[in-house]
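This report concerns only the one structure given below.
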Amino acid sequence: MSITAADVKKLREQTGAGMMDCKKALGETSGDFEKAVDFLRKKGLAAVAKKQSRVAAEGIVGTYVHSGRIGVMCEINCETDFVAKNEDFKQFVKDICMHIAASDPKFIRSDDMDEGFKNREAEIYTAQLIEQGKPEKMIPKIVQGKLAKLSREVCLLEQPFVKDPDQTIEQLLNELTLKIGEKISIRRFVKYNLGEGIEKREDDLATEVAKMTKS
């Protein structure tokens, strides 16, 4: 199958890859457009993985405050101060802080989920399944499935991006890594909810009125 300039242009527009990479991808896949897209995606992921061994100590500590009631602080790293000043990088930091405020992740990645947290959740799932009368032999497999689903809900990199649910935070990060050409990593974050952890006072209206009357 002959590969035309229009084919290369179309693939470049869809993937954002360079002209030569697109031409090579089409050549490697005998002009099959869908396979060429997959080829470039795999190559991109390999490039991202290669960059992960680099040291990223520059970056930004970003913040986001919503209505004065929710606050997020997040450290996102890159390799150079030059990239830290890049508008795409700064926008990424803003988006991640806003996403954390909206989606409330507990961990950055699944490897960060501590055993205590997973064990507690597994115990709850097991008790629920027993209560539902599920066969004993099936319970461990069902629990593992529920834990995998939980990971997608509470781990930042696995969550769907709040502004574009069709892609995960990890995919968003990988795209920026390829675009900028440096290692980008989300190192840590903290989220504050106004009044969290404070035992709020519950006034008895009748008692308060009585006190006012007596005084």
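The values are calculated or read from the model by the stated rules, or taken from the named source; none is laboratory data. It should be emphasised that the depicted structure is a prediction, and the values quoted were computed from it without experimental measurement. All Cβ positions, even for glycine, are placed from backbone atoms using ideal geometry, and neighbour counts span all protein chains on display.
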Checked the range 3-26 for anything at pLDDT 75 or above and either among the hydrophobic types (A, V, I, L, M, F, W, C) or loosely packed, with under 13 Cβ neighbours inside 10 Å (or both); matches are Ile3, Thr4, Ala5, Ala6, Val8, Lys9, Leu11, Cys22, Ala25, Leu26
Of everything in the range 59-81 that's surrounded by 13 or more Cβ atoms within 10 Å (Cβ to Cβ) and hydroxyl-bearing (Ser, Thr, Tyr), which residue is farthest from Leu157 (Cα to Cα)? Thr80
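Considering each of Lys183, Lys146, Lys214, Lys179 in turn, give the residue that is modelled with pLDDT of 90 or more and among the basic types (Lys, Arg). Walk me through how you get there before you give the answer.
Working: Lys183 fails: modelled with pLDDT of 90 or more; Lys214 fails: modelled with pLDDT of 90 or more; Lys179 fails: modelled with pLDDT of 90 or more.
Among Lys183, Lys146, Lys214, Lys179, only Lys146 is modelled with pLDDT of 90 or more and among the basic types (Lys, Arg).
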Criterion (more than 21 Å from Gln167 (Cα to Cα), buried (at least 16 other Cβ atoms within 10 Å of the Cβ), touching a strand residue (DSSP E or B) at 6+ places or on another chain (Cβ under 8 Å) and modelled with pLDDT under 90) met by exactly one of Ala84, Ala56: Ala56
Could you please tell me which pairs satisfy a Cβ distance under 6 Å, a separation of 6+ or placement on different chains, a first residue in the range 121-143 that is farther than 19 Å from Glu153 by Cα and without any contact (Cβ under 8 Å) to a residue 60 or more places away in the chain, and a second residue that is assigned to a helix (DSSP H, G or I) and of a type outside the set (Val, Ile, Thr)? Ile139/Leu129
Just wondering, is there one or more residues in the range 31-51 that are of a type outside the set (Asp, Glu), in contact (Cβ under 8 Å) with a residue 40 or more places away in the chain and either loosely packed, with under 15 Cβ neighbours inside 10 Å or part of a strand (DSSP E or B) (or both)? yes
Tell me, please, whether a residue that is in the same structural domain as Leu172 (by TED's automatic domain parsing), of a type outside the set (Asp, Glu), farther than 23 Å from Tyr192 by Cα and in a helix (DSSP H, G or I) can be found in the range 118-138. no
Condition check: among the acidic types (Asp, Glu) and within 11 Å of the chain's Cα centre (by Cα). Does Glu175 satisfy that? no
Please tell me if Gln91 is over 13 Å from the mean Cα position of the chain (by Cα), among the polar types (S, T, N, Q), over 19 Å from Arg187 (Cβ atoms) and surrounded by fewer than 16 Cβ atoms within 10 Å (Cβ to Cβ). no
